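This report concerns only the one structure given below.
The values are calculated or read from the model by the stated rules, or taken from the named source; none is laboratory data. Computed from a predicted structure; not experimentally measured. Positions of Cβ are generated from backbone atoms using ideal geometry, with glycine treated the same way; all protein chains shown enter the neighbour counts.
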Amino acid sequence: MSYIPRLKKEYKSNIVSRLIKEFSYDNVMQVPKLEKIVISKGVGAAVNDKKLIDHALNEVTEISGQKAIATMSKKDVASFKLRKGMPVGVKVTLRGERMYEFLDRFVTTALPRVRDFNGVKNTGFDGRGNYNLGVTEQIIFPEINIDKINKISGMDITFVTNANSDTEAMQLLSELGLPFKKKDERPVAENKLIKETPEVEAAVEETPEAEASVEETPEQEDIEENNKEV
């Protein structure tokens, strides 16, 4: 018997039926699902120190369990000493089993390590069923050894769904374990390890905004394709 991640099994066994009941879908094909998770990390300082890209690649690879790729600048910016084609960040796109495994580790292990954590805000949706969450310190992930990191830095995590509305997407992600704050809860001032950014498009590779800032070389696209799960 092939391995099935816990969250994937939970989705098929229980979450689908609960979503059908909640939104009165006519058939199971209308039930929204999580399509992919995109983890991206900007490394602007890599303009002066190319080794920072290697550190970021290693960290995102360890966190996601899948080989990360570098994102490249598409234009020259003289004021920042930036040339077209220079690496300015890293990203990885998770699908299938690896996506569910990462989400499971994220909600059960990483988020509880945030000091004074009181849930994530529900303001990171883009109006099309996608949710973006910013993490300001990579050390919340147990895969990162704090004694070996180059510097404290954050990353953006985008949850891409095929939901028709933010309400449906929020319910789906809540069922999958993402702990959203209730509307009447106030944010805790000391909790600075988690931030929410509304610009989901900046981390989703399909959007024009993302394409305007980064590009992938053919070799990187091959790596990304080989890492996809069927």
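When restricted to residues that are in a helix (DSSP H, G or I), within 14 Å of the chain's Cα centre (by Cα) and not basic (Lys, Arg), the stretch 97-140 contains 11. All of 115, 128, 98, 83 fail the test of being within 25 Å of residue 2 (Cα to Cα) and charged (D, E, K, R), apart from 98.
Looking only at residues in the stretch 26-47 that are within 15 Å of the chain's Cα centre (by Cα) and buried (at least 17 other Cβ atoms within 10 Å of the Cβ), the one that is farthest from residue 12 (Cα to Cα) is 42. For the stretch 2-50, the set of residues classified as more than 17 Å from residue 98 (Cβ to Cβ) and touching a Lys or Arg at 6+ places or on another chain (Cβ under 8 Å) consists of 41, 47, 48, listed by residue number. Answer yes or no: is there a residue in the stretch 146-157 that is in contact with a strand residue (DSSP E or B) (Cβ under 6 Å, 6 or more places away or on another chain), crowded, with 19+ Cβ neighbours inside 10 Å, modelled with pLDDT of 90 or more and not acidic (Asp, Glu). Yes: one or more hits.
Among the residues of the stretch 167-179, are any of a type outside the set (A, V, I, L, M, F, W, C), surrounded by fewer than 16 Cβ atoms within 10 Å (Cβ to Cβ), free of Cβ contacts under 8 Å to residues at least 40 places away in the same chain and part of a loop (DSSP other than H, G, I, E, B)? There is no residue in the stretch 167-179 that is of a type outside the set (A, V, I, L, M, F, W, C), surrounded by fewer than 16 Cβ atoms within 10 Å (Cβ to Cβ), free of Cβ contacts under 8 Å to residues at least 40 places away in the same chain and part of a loop (DSSP other than H, G, I, E, B). Any residue in the stretch 119-129 that is surrounded by fewer than 21 Cβ atoms within 10 Å (Cβ to Cβ) and farther than 21 Å from residue 166 by Cα? Scanning the stretch 119-129 turns up no residue that is surrounded by fewer than 21 Cβ atoms within 10 Å (Cβ to Cβ) and farther than 21 Å from residue 166 by Cα.
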